[in-house]
Amino acid sequence: MKLFVYHTPEATPTDQLPDCAVVIDVLRATTTIATALHAGAEAVQTFADLDELFQFSETWQQTPFLRAGERGGQQVEGCELGNSPRSCTPEMVAGKRLFLTTTNGTRALKRVEQAPTVITAAQVNRQSVVKFLQTEQPDTVWFVGSGWQGDYSLEDTVCAGAIAKSLWNGDSDQLGNDEVIGAISLYQQWQQDLFGLFKLASHGQRLLRLDNEIDIRYCAQSDTLAVLPIQTEPGVL
Ligand code: 3SL
């Protein structure tokens, strides 16, 4: 299994695809996706574009649904939910399809949605992702961080490192790029205090300014949800 880490959608190659793409937006889209599916949501359907989400939801009749929209860390007007994983309780989401658009996470998914296998990862479901990759043994795995509007983000890279560390056998042949070692090293440095790291991160700072330390704490938990969000059709997990 050859591992590659790409810090942002923009840094992700467009002329090829891996056997398995692992999309990561720890703060907070992929944590929300894991939480919603664990709470019994029928599916999470993602949209890079807000208008597309509204248009699509107006035609949807198959299952009850909720619109979850975030821009700049805040809930979009006209949506029932924002992007807080803590809103995704069983009472709120069970049996419903979540139509989700976020600033960066859903854009990252779009970038690799044509890969044969696409899954999403966050700290909360890290172990489920590790187990899946250990079982499936895809030849090439790309960890695609969502970053923030083209910039690197600590929380996505540290999560990529947390997963890659469990998969790397110490052999240089497994390292697709230098970013893998960087991500593993970041994780080794901060694994005892991910909450502290997330509060230092620029998006953590943004969420703190929005008075949302509680979501950062939630997203910094490791292995609390046994759930594997896997794409069943482009954009749908
Ligand atoms: O950028 C994103 O996709 C979001 O996860 C950002 S936020 O945490 O909802 O602010």
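What the table below lists for this structure:
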{"item": "Electrostatic dipole magnitude of the stretch 56-165 [Cβ: Lys, Arg +1; Asp, Glu -1; Cα centre; debye, to 20]", "result": "140 debye"}
{"item": "FRET efficiency, R209 to E80 (Cβ-Cβ, R0 25 Å, nearest 0.05)", "result": "0.55"}
{"item": "Accessible surface of the chain [probe 1.4 Å, protein heavy atoms]: carbon and sulfur percent", "result": "45 percent"}
{"item": "Sites E58 and E10, calculated FRET efficiency, Cβ-Cβ separation with R0 30 Å, nearest 0.05", "result": "0.45"}
{"item": "Cα gyration tensor category, rounded, prolate or oblate, for the chain with a/c compared to 1.5", "result": "prolate"}
{"item": "Rounded to 5, the percent of DSSP beta bridges in the chain classed as antiparallel", "result": "20 percent"}
{"item": "Structure-based [θ]222 nm, the chain - -39500 (n - 2.57) summed over DSSP H runs of at least 4, per residue, nearest 500", "result": "-11000 deg cm²/dmol"}
{"item": "Residue-normalised accessible area of the chain, given per residue in Å² at a 1.4 Å probe", "result": "42 Å²"}
{"item": "Gap separating the Cα centres of the stretch 57-79 and the stretch 170-237, nearest whole Å", "result": "25 Å"}
{"item": "3J(HN,Hα) from dihedral phi, the stretch 204-216, Karplus parametrisation 6.51/-1.76/1.60, rounded to Hz, x for glycine, proline", "result": "x, 4, 4, 5, 5, 5, 8, 6, 10, 4, 5, 5, 4"}
{"item": "L100 long-range amide H proximity, modeled H, under 5 Å", "result": "Q45, T46, F47, A68"}
{"item": "Relative contact order for the chain, counting Cα pairs under 8 Å that sit 6 or more residues apart, in percent", "result": "34 percent"}
{"item": "Cβ charges +1 (Lys, Arg) and -1 (Asp, Glu), total dipole of the chain, debye", "result": "500 debye"}
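The values are calculated or read from the model by the stated rules, or taken from the named source; none is laboratory data. Treat the numbers as computed from the prediction; the structure is a model and nothing was measured. In this analysis, Cβ positions are derived from the backbone assuming ideal geometry, glycine residues included, and neighbour counts consider all displayed protein chains. Surface areas here come from the heavy atoms of the whole protein model, side chains and all, with no ligands, DNA or RNA. Shrake-Rupley method; radii C 1.70, N 1.55, O 1.52, S 1.80 Å.
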